[in-house]
Amino acid sequence: MANIIGVRFRTAGKLYYFEPESPDIHIGSHVIVETSRGVECGRVVMGPTSLDDEKVVQPLKKVIRTATWEDLQRMRENQEKARAAFSICKKKIREHGLDMKLISTEYTFDCKKILFYFTADGRVDFRSLIKDLASIFKTRIELRQIGVRDETKMLGGIGICGRPLCCCSYMADFIPVSIKMAKEQNLSLNPTKISGACGRLMCCLKNESDTYEYLNRQLPGVGDTVQTADGLTGEVQSVNILRQQVRVLTEQEDETIVDDYPASDLTILEKHKKGARRRKERDVLAEKAAAAAERANERRSERAARKQRRLENDRRPSEVPGDEGRDSGRQKSGVHVPSEPRPASPVYGGTPRGNGTPAEHGSEAAPEKKRRRRRHRPRKPENKVPGGGPKPEGKPSGE
């Protein structure tokens, strides 16, 4: 067992254990101790007590002395010097054009080191800035990059509940918070309503998480099949966690009735399988996609069959040149009827058009005249005088 006291160096800061120099140290007093940053002055928040050696980080450092009035006055002077150093550092950051936001400045108790806390989106090359600050303050300079949650804890603020932020009022360490906690508490998943001043999930979601987990275990889930005390069977539509009431949808005499029942009066008959509704929707969508693909294949095969029939009909020659229209009508009907030869025409010397040869009929067939296409020639513009009449012929007067 180790005899220890608990010391904090800022409000809602981390608790550090030290070995007391005397049992007269009480809660609320200030002590001077040695830390990894140097000599610091802290406030006692836990009086002398015994603690297991496993819970204490060894080696346990001793308290140097109890703080005097001069030590407290020196702390106030360091705070004023830190405010002046904050303004100087902010000015130097603007001069160097660095993409960083200065949050806070601290002096160690012995003034051997100045700590500057800042935030930035990425890595920042501040080597030239450190050189300028070291030349101004003539002491050791340390720049620390922190996150948005640490920034909010240092600056403080008021939450949406109207009270000071939890992180800067009583929380010593940040606790992990997940979206599952908001779901269990039946909160809206709107980021603006469940996010804190830092832009992360609110830390207070963890405060009631254990209570909601216990209450949710006493309730059936939405979609479960339950039986009421009256012997009716229905499906759970919604639950009220704090009131421990369940809204059940039942069917009575071809009527659908929705009523609220205490959770203690219900018996769970069948648990609702998570994802069953989504699986059913996926199956319906898959059936629709398969039917659409089948219809597309049928249309594709019909188009191919029509194209094949057109190709076969185009390969069959027409026996009479003048019967293209009739032949095409026959081809469209799908039945090919051979055309009959036309009677002899006296225009071509008794030779049927398109049937036989001149040698067979004993006369020469008249050559077919080619129809020439008449070219359009633009008219030449008529020569007119400004008065509207024709221009007189001959040479102009004056020649």
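Name the strands (runs of 3 or more DSSP E) wholly within region 38-130 that hold at least 2 residues that are within 29 Å of Cys198 (Cβ to Cβ) and of a type in the set (Phe, Trp, Tyr)? Walk me through it before giving the result.
Details: elements: 38-51, 63-66, 101-107, 113-119.
Result: 113-119.
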* Residue by residue through region 198-239, note down the ones that are closer than 30 Å to Met171 by Cα, open to solvent by less than 80 Å² (accessible area, probe 1.4 Å) and not hydroxyl-bearing (Ser, Thr, Tyr). => Cys198, Gly199, Leu201, Met202, Cys203, Cys204, Leu205, Lys206, Glu213, Leu215, Asn216
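Looking only at region 20-42, count how many residues are among the acidic types (Asp, Glu) and at pLDDT below 85.
From region 20-42, those among the acidic types (Asp, Glu) are 21, 24, 34, 40; that's our starting set.
Adding the requirement that they be at pLDDT below 85 leaves 21, 24.
The total comes to 2.
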* To do: Please verify whether region 95-113 includes one or more residues that are in contact (Cβ under 8 Å) with a residue 60 or more places away in the chain and farther than 30 Å from Asn3 by Cα.
  => yes
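Tally time: how many residues in region 38-50 are of a type outside the set (Val, Ile, Thr) and exposed (fewer than 15 other Cβ atoms within 10 Å of the Cβ)?
Of the residues in region 38-50, the ones of a type outside the set (Val, Ile, Thr) are 38, 40-43, 46-48, 50.
So of that shortlist, the ones also exposed (fewer than 15 other Cβ atoms within 10 Å of the Cβ) come out as 38, 46, 50.
Qualifying residue count, region 38-50: 3.
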* To do: Pick out the one residue from Gln58, Gln73 that is of a type in the set (S, T, N, Q), open to solvent by 90 Å² or more (accessible area, probe 1.4 Å) and at negative phi.
  => Gln58
* Tabulated pairs, region 1-29, first closer than 24 Å to Phe174 by Cβ and in a strand (DSSP E or B), second of a type in the set (D, E, K, R) and modelled with pLDDT of 85 or more, C-beta under 6 angstrom, 6+ apart or interchain -> Arg8/Arg43; Phe18/Lys61
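Report, by residue number, each residue of region 272-301 that is farther than 30 Å from Asp224 by Cα and either modelled with pLDDT under 80 or open to solvent by 100 Å² or more (accessible area, probe 1.4 Å) (or both). Let's see the steps before the verdict.
Start the filter on region 272-301 by keeping residues that are farther than 30 Å from Asp224 by Cα, which leaves 289-301.
If the condition is that a residue be farther than 30 Å from Asp224 by Cα and either modelled with pLDDT under 80 or open to solvent by 100 Å² or more (accessible area, probe 1.4 Å) (or both), then Glu294, Arg295, Arg299, Arg300 are the ones that fit.
The values are calculated or read from the model by the stated rules, or taken from the named source; none is laboratory data. Nothing here was measured: the structure is a model prediction, and the numbers come from that model. A quick note on method: Cβ atoms are made from the backbone with ideal geometry, for glycine too, and the neighbour counts reach across all protein chains shown. Accessible surface areas use protein heavy atoms only, side chains included; no ligands, DNA or RNA. Shrake-Rupley method; radii C 1.70, N 1.55, O 1.52, S 1.80 Å.
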